[in-house]
Amino acid sequence: GAGVSQTPSNKVTEKGKYVELRCDPISGHTALYWYRQSLGQGPEFLIYFQGTGAADDSGLPNDRFFAVRPEGSVSTLKIQRTERGDSAVYLCASSLYSRGLSTDTQYFGPGTRLTVL
Amino acid sequence: AQKVTQAQTEISVVEKEDVTLDCVYETRDTTYYLFWYKQPPSGELVFLIRRNSFDEQNEISGRYSWNFQKSTSSFNFTITASQVVDSAVYFCALSEAGYGGSQGNLIFGKGTKLSVKP
């Protein structure tokens, strides 16, 4: 089936504005991750959802960042009062979920490039 | 603490040369997973391989091969007879296994930019 999709592909906003970034995971994948990638760096973990709940949000940099996944499929990353330092590519990944001692492979979307002017 | 180090920032080779990308990791866990992803200029991360910490067998897939050595905490990636289409940034990543329903987020290295010139 289709891979992970993310919209918009590019978002330009002004400092202080609110933005929403959307992720549509691979069908059937219950685990969903958000990462942020700054120029010249590897992706950095933000938050992980298992179903509808955030299982681990330890990577969110501050309380301006929030994410939801109300129906266990599509997720929205929300950034309030954007700052220039928030400029980065925001990547979403999804994976199958299996209980116990395992880590399933994460498949990534194309990312949303956020530019805060 | 978890950490992945890719010491090579950029590598440039001529087509048909072999090239090895280094990856060194740190973890306190005995059970963990290692990954390689490719990020072409288009930007999308493409999964290449996943290995668990109990399987030290080397793996070959076409022109790609991986050498996993727990004794040196390394998981190196070799491309044989490189091609221009191999030009990309390659990331090594580590994940500790999840317990009781949780899954490990990925810890990435900073990546190695490979340029293959014709």
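Readers should treat all values here as calculations from the given coordinates under stated rules, not as data from a laboratory. Every value quoted in this text rests on a predicted model; they were computed, and no experiment measured them. Cβ coordinates were reconstructed from backbone atoms using ideal geometry, including for glycine residues, and neighbour counts include every protein chain displayed.
Quick look at the numbers
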| read-out | value |
| --- | --- |
| Overall form of the protein assembly as shown per C-alpha gyration tensor (a/c, 1.5; a/b vs b/c) | oblate |
| Residues whose placed amide H lies under 5 Å from that of residue A:87, excluding near-sequence neighbours | A:116 |
| Chain A, relative contact order [Cα under 8 Å, separation at least 6], % | 36 percent |
| Net charge contributed by nearby residues that have their C-beta within less than 14 Å of residue A:32 (K/R +1, D/E -1) | -3 |
| Relative contact order (%) - chain B, alpha-carbon pairs under 8 angstrom, separation at least six | 37 percent |
| Among the listed pairs A:17/B:38; B:3/B:113; A:11/B:110; B:16/B:110; A:11/B:38; A:15/B:38, those beyond 29 Å (Cα-Cα) | A:17/B:38; A:15/B:38 |
| Sparse-neighbour loop sites [chymotrypsin sites (Phe, Trp or Tyr not before Pro); segment A:18-117; at most 15 other C-beta within 10 Å; DSSP] | A:18 |
| B:48, A:39 arranged by Cβ crowding within 10 Å, fewest neighbours leading | A:39, B:48 |
| Square roots of five times the Cα gyration tensor eigenvalues for chain A, Å | 24, 14, 13 |
| Loop-located trypsin sites (Lys or Arg not before Pro) in segment B:11-118, at most 14 other Cβ atoms within 10 Å (DSSP) | B:16, B:28, B:63 |
